[in-house]
Amino acid sequence: SLIMAVLSVVQVATSILNALHYLISETPAGYQAFGITAAALLVPFVLHSVTIWRLVQQEMETNGSFRDWMDDHRTAFPLLFLLGTIRPDIMRSLLGSQAFGWSVFMCPLSLRSSQELTVAGIISNVFHDIPLLGVSVWLLLPPLKFSSHSHLCNDDCLQFTNALMAVCSVISLIYSAATRLFALLLLQRAKPAAGSEPNADVDEMLLEYL
């Protein structure tokens, strides 16, 4: 999850750089690429910001453990919130990862909030990762030359940032698919072991990841 968080930041940084380059290129292809990239950045950002803010308010009202956690980590939470506006499913994974034994990664989120962050992660795949991947591939195969006197970087630099954006998008999509597949495999193994008896842990995993 920490590696995916870093890759998500790199993806956004390269997307912003590319979007600015497309805009100042003053070419039809550049304007189209800018429009798609800007939409892929802004639409998920707005949706996730509203979702996370609403979930935080709900947790503060109904979850005493979350209130205590928030009181202890008000300084770190803005960074986690910013990550959540990019990839809420990675934010959810980090909050429950217990990484390094740090309490900031031991957030007592309710199951409902975890579910909603997981669903928001699927929205990121659809409205963020796939459009950015499409734009980067479109501009890489074959490479488009932008006839502009104003460049943030040269053609080789642009090719590199497009390729980096494509790689980050592909890894993000693979991560999302692999996470859900792994959960399904665990459930397939856990269900027989549970037999006919109800198993709260298995059911919770199913609700959280799928």
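Quick note: the coordinates plus some simple rules give every number you see, no bench work behind them. All values reported here derive from a predicted model rather than from experimental measurement. Virtual Cβ from ideal backbone geometry, glycine too; neighbours counted across all protein chains shown.
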**Report entry** Derived scalar couplings ³J(HN,Hα) [the stretch 16-27; Karplus, 6.51 cos²θ - 1.76 cosθ + 1.60; whole Hz; x for Gly, Pro]
**Finding:** 5, 4, 5, 4, 5, 5, 4, 5, 7, 5, 6, 10
Query - Pairwise FRET efficiency - residue 26 versus residue 180, Cβ, R0 = 45 Å, nearest 0.05 - result: 0.60
